Structures are given as C-alpha cells and as structure tokens.
Ligand SMILES: [Cu+2]
C-alpha cells in the first residue's frame, strides 16, 4: 500500500492530507534537485580537448535559492501546525450519531435544549500488559474491542495501569500515549460503520505485539443494544461469582487440592 490507511474520521483525514502534501513536496524537490544536477553536469561537463568550465555563482542566485528553500520550509511548518491543531479539535456529533438525531431525543423524552452543546461520548481506555480495557459512561466495560456508534464524537481518555502503552487505530487518527498516572486524550468521529483494526506501535513488554485493539463502529440502535447486552452479561457474571462466594468456600477448596499435584508433574 502506497499511502496511509483510508481515513474514516476528520482528524485522520487531516493527518492523511499532511501525509500527501509532504510526500508530494518532498518528491517534487527530489526530482527537481536531481534534474538540475544532471542538467548542470551535462552543460558544464569536460569535453574532449577542452578543460571543464568553472562555474561562477553570483551571490543573488545563492540568496534566491536559499530564500526559496527557507520559504518552503516555513510554509510546511505553518501548515503542519495549523493542520495538527485542527486535528485535535473535537468536532460535534453528526445527525446519525448518538444524541445527534432530534427524533431520537424526542422519542426518549430527553428534550435537549437546542442551544446546549451535545457532549461527546467519553470512553476511558486503560492500557495494561497486554490488553486494552474500555469503560463506557455507564461503567460497562469491554476488553480488546471498543464498540461505538457511527457519526458520534468519541473522546478517548487514555490511561495505563503499568507501563507506557500507545493507542493507535490508523483509520481513525494518530498515535497517542497512555502513560501511568497521567491523563492524555484523543478523539475520533467515525463516518462509516465497520471494524477498524488497531496496531501495536510502542514496546510495552514481552507480549506487546499481541496487544492489539479494534474499534467496531455500529449504528446508534446497535450500540445501545450492545451496551445493554454487555451490561447484562457483566451483571450475570458478577452475580454468579457472588452466589459462588455466598455458597461457601467448600466448593472451591477440594478443586484446588486436586489440581495441585498435576502442576508439580513433569520434568
Ligand atoms: Cu502496550
């Protein structure tokens, strides 16, 4: 693949724009410099019976060229600052997104005042060796896969329980560090449903390569159904454990003792 992954979020789009601008400018410069080099070599080359001509450079030509390169560098720098600061601005959710549709808010009797800013969906992403844990506003959580609604501004609050991890889903934005005891955040607004694969990019211990993630973007109704299902599943698992604990420890103990000898077997 020549270019970066297709951008499906405004900030990823900004980064891709920069990528292409840089690539084209750098490519054009490389071509121009090499063409000039060959042209000059041909023009001033030594001929049979004649000494090579000495090329005298006039000062203004040096200033002109130097000025041009400096101007170009300054232009790229300013463009980089503008585009990256634009990429960090969290956009508002769209009409298809969570809380975006007035029809849906009316349906659920939420009646948001028109003037009120719609808050983005906030997700707590916690890196730990070696898996990502996502916590949703209602305290429901998931591991590895983050499920979010389409066309919705999602702010990802990054944290870590152990070492520095890096969150990166190329289709949805840039790379961001999750540092223990520090807050960092990024955001995205997926414009299309689908699964966006994340990548491991920062060494965080032996199994860091397996510390992948995925963002599954679904419709708002699917998201709500999933969230409910996930919450029910967690609730079920928790009450199961509580029942086991309440039923007494006799259940767990014999199992443990029977398991122990097998662990000591082997060379
Ligand atoms: Cu990691």
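The values are calculated or read from the model by the stated rules, or taken from the named source; none is laboratory data. Model, not experiment: these values are computed from the prediction. In this analysis, Cβ positions are derived from the backbone assuming ideal geometry, glycine residues included, and neighbour counts consider all displayed protein chains.
Pull up the range 169-190, narrow it to residues that are surrounded by 17 or more Cβ atoms within 10 Å (Cβ to Cβ) and in a loop (DSSP other than H, G, I, E, B), then point me to the one that is farthest from the ligand (Cβ to nearest atom).
189
Report, ordered by the first and then the second residue, all pairs with beta carbons closer than 6 Å, sequence separation of six or more or different chains, a first member in the range 159-187 that is touching a residue at least 24 places away in the same chain (Cβ under 8 Å), and a second member that is away from the ligand (no atom under 12 Å from the Cβ) and part of a loop (DSSP other than H, G, I, E, B).
Cβ pairs passing all conditions: 170/5; 171/5; 171/8; 172/9; 173/9; 186/173; 187/90.
Results for (1) over 32 Å from the mean Cα position of the chain (by Cα); (2) surrounded by 11 or more Cβ atoms within 10 Å (Cβ to Cβ); (3) at pLDDT 90 or above, shown as yes or no for each residue.
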| residue | (1), (2), (3) |
| --- | --- |
| 53 | yes, yes, no |
| 79 | no, yes, yes |
| 85 | no, no, yes |
| 96 | no, yes, no |
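Looking at 191, 232, can you tell me which residue is at negative phi and in contact with a helix residue (DSSP H, G or I) (Cβ under 9 Å, 6 or more places away or on another chain)?
Values: 232 fails: in contact with a helix residue (DSSP H, G or I) (Cβ under 9 Å, 6 or more places away or on another chain).
That would be 191, the only listed residue that is at negative phi and in contact with a helix residue (DSSP H, G or I) (Cβ under 9 Å, 6 or more places away or on another chain).
Suppose the filter is surrounded by 11 or more Cβ atoms within 10 Å (Cβ to Cβ) and at pLDDT below 95; does residue 198 pass it? If you could, list the steps in order and put the result at the bottom.
Details: surrounded by 11 or more Cβ atoms within 10 Å (Cβ to Cβ): yes; at pLDDT below 95: yes.
Yes; evaluated as a whole, the condition is true for this residue.
Given the conditions (1) surrounded by 11 or more Cβ atoms within 10 Å (Cβ to Cβ); (2) at pLDDT below 90, report the number of the one that residue 41 does not fulfil.
(1)
In the range 213-227, which residues are more than 13 Å from the chain's Cα centre (by Cα) and surrounded by fewer than 17 Cβ atoms within 10 Å (Cβ to Cβ)?
219, 221, 222, 224, 225
Determine whether the range 6-14 contains at least one residue that is free of Cβ contacts under 8 Å to residues at least 40 places away in the same chain, surrounded by 10 or more Cβ atoms within 10 Å (Cβ to Cβ) and under 30 Å from residue 196 (Cα atoms). Let's see the steps before the verdict.
Kept after step one, since they are free of Cβ contacts under 8 Å to residues at least 40 places away in the same chain, are these residues of the range 6-14: 13.
Now narrow it down to the ones that are surrounded by 10 or more Cβ atoms within 10 Å (Cβ to Cβ): 13.
Checking which are under 30 Å from residue 196 (Cα atoms) leaves us with 13.
Yes, the range 6-14 has at least one match.
Only residues that are in a strand (DSSP E or B), away from the ligand (no atom under 16 Å from the Cβ) and farther than 15 Å from residue 178 by Cα: list them for the range 128-143, please. Outline the logic, then answer.
Residues of the range 128-143 that are in a strand (DSSP E or B), as a first pass: 128, 131-135, 141-143.
This time we only want the ones that are away from the ligand (no atom under 16 Å from the Cβ), so: 135, 141-142.
If the condition is that a residue be in a strand (DSSP E or B), away from the ligand (no atom under 16 Å from the Cβ) and farther than 15 Å from residue 178 by Cα, then 141, 142 are the ones that fit.
State whether one or more residues within the range 197-212 are under 20 Å from residue 98 (Cα atoms), without any contact (Cβ under 8 Å) to a residue 60 or more places away in the chain and either under 18 Å from the mean Cα position of the chain (by Cα) or away from the ligand (no atom under 11 Å from the Cβ) (or both). Full working, then the answer.
Restricting attention to the range 197-212, the residues satisfying the condition of being under 20 Å from residue 98 (Cα atoms) are none.
There is no residue in the range 197-212 that is under 20 Å from residue 98 (Cα atoms), without any contact (Cβ under 8 Å) to a residue 60 or more places away in the chain and either under 18 Å from the mean Cα position of the chain (by Cα) or away from the ligand (no atom under 11 Å from the Cβ) (or both).
Can you work out which of the residues in the range 149-158 that are without any contact (Cβ under 8 Å) to a residue 40 or more places away in the chain and over 20 Å from residue 210 (Cβ atoms) is farthest from the ligand (Cβ to nearest atom)? First the steps, then the outcome.
Taking the range 149-158 first, the residues without any contact (Cβ under 8 Å) to a residue 40 or more places away in the chain are 154, 156-158.
Filter once more, keeping what is over 20 Å from residue 210 (Cβ atoms): 154, 156-157.
Working: 154: 20, 156: 15, 157: 16 Å.
Among those residues, the one meeting the criterion is 154.
For residue 146, indicate whether it is part of a strand (DSSP E or B) and within 12 Å of the ligand (Cβ to nearest atom). Steps first, please.
Numbers: part of a strand (DSSP E or B): yes; within 12 Å of the ligand (Cβ to nearest atom): no.
Spelling it out, it is not the case that residue 146 is part of a strand (DSSP E or B) and within 12 Å of the ligand (Cβ to nearest atom).
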